[in-house]
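The values are calculated or read from the model by the stated rules, or taken from the named source; none is laboratory data. What you see is a predicted model; the values in this text were computed from it and never measured. Cβ atoms come from the backbone with ideal geometry, glycine included; neighbour counts cover every protein chain shown. Protein only, heavy atoms only, side chains kept; ligands, DNA and RNA dropped before computing areas. Shrake-Rupley method; radii C 1.70, N 1.55, O 1.52, S 1.80 Å.
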Amino acid sequence: MIRSILKGNGERYDDIVERYQAGLYRTAFYYTQNVEDARDIAQEIFIKAYNSLAGFKQDSSFSTWLYRIAVNHCIDWSRKKKPFIEESTYFDNLCDKEGSAEDLFIRQESASEVHRAVASLPTIYSTVLILYYFEDFSPQQIADIIDSPKRTVETRLFRGRNMLKDKLQPLVLGGERDDVLSKPKQLAQLR
């Protein structure tokens with residue numbers, strides 16, 4: 001597909017956009033906490049990737065290469081602009097889930113707390129947590145994306161989780177303290 005695009009078949013890039021659009025938007029949103037900024041950044045990432053496509057070396061997967069561009073772009077954006085938290089947009093699809101209004105409210109509040117806590121962490125930790133929990137990348141894939149050793153990623157995941165646990169300690173779910181990091185993919189359920 002990449003070779004076809006480079007040979008002038010630019011409409012094949014639409015397939016790439018369709019495949020990665022939701023994930024890149026979600027990643028951008030975790031950095032920006034704003035729907036419009038996330039849409040703009042996702043679009044900028046696709047434009048940047050398209051313009052850099054000739055430089056894609058097929059020694060890594062395309063998704064790794066694309067997410068490296070995305071993460072670097074999001075980090076650059078974060079350095080330039082403080083995010084504005086737009087809470088109402090976290091839950092566009094929340095009403096599709098089954099449960100009572102109280103359950104929906106509790107999930108909404110929990111997700112809001114988690115997003116704020118992740119956004120407040122230093123970038124080196126928030127990046128690996130976002131990619132691991134919300135985008136389902138493995139530590140090795142994250143290492144490839146951020147161009148760091150796998151062991152560094154694992155250390156950042158460990159430290160980031162501990163920092164997040166401290167920030168989420170006051171979080172109360174169902175009347176009891178809940179460690180949202182106690183089970184694998186627990187955070188991803190709050191995306």
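Things to note:
- Test: residue in region 125-140 that is surrounded by 16 or more Cβ atoms within 10 Å (Cβ to Cβ), part of a loop (DSSP other than H, G, I, E, B) and modelled with pLDDT under 90: yes
- Selection count, region 32-78, where residues are out of contact with any helix residue (DSSP H, G or I) (no Cβ under 9 Å at 6 or more places or on another chain), farther than 18 Å from Y13 by Cβ and assigned to a helix (DSSP H, G or I): 2
- Selection of region 141-155 for residues being part of a helix (DSSP H, G or I), more than 20 Å from R26 (Cβ to Cβ) and open to solvent by 10 Å² or more (accessible area, probe 1.4 Å) yields K150, R151, T152, E154, T155.
- Matching option when the condition is at pLDDT below 85, surrounded by 14 or more Cβ atoms within 10 Å (Cβ to Cβ) and among the aromatic types (F, W, Y), among F46, F91: F91
- For region 1-57, filtered to residues that are acidic (D, E) and farther than 21 Å from L121 by Cα, the residue that is farthest from the chain's Cα centre (by Cα) is E11.
- Consider region 65-75 and keep the residues that are in contact (Cβ under 8 Å) with a residue 60 or more places away in the chain and over 13 Å from I16 (Cα atoms). The one that is nearest to the chain's Cα centre (by Cα) is V71.
- Residue match in region 172-180 (condition: modelled with pLDDT of 55 or more, among the hydrophobic types (A, V, I, L, M, F, W, C) and surrounded by 13 or more Cβ atoms within 10 Å (Cβ to Cβ)): no
- Scanning region 1-16 for residues that are open to solvent by 40 Å² or more (accessible area, probe 1.4 Å), touching a helix residue (DSSP H, G or I) at 6+ places or on another chain (Cβ under 7 Å) and part of a helix (DSSP H, G or I) yields L6, R12.
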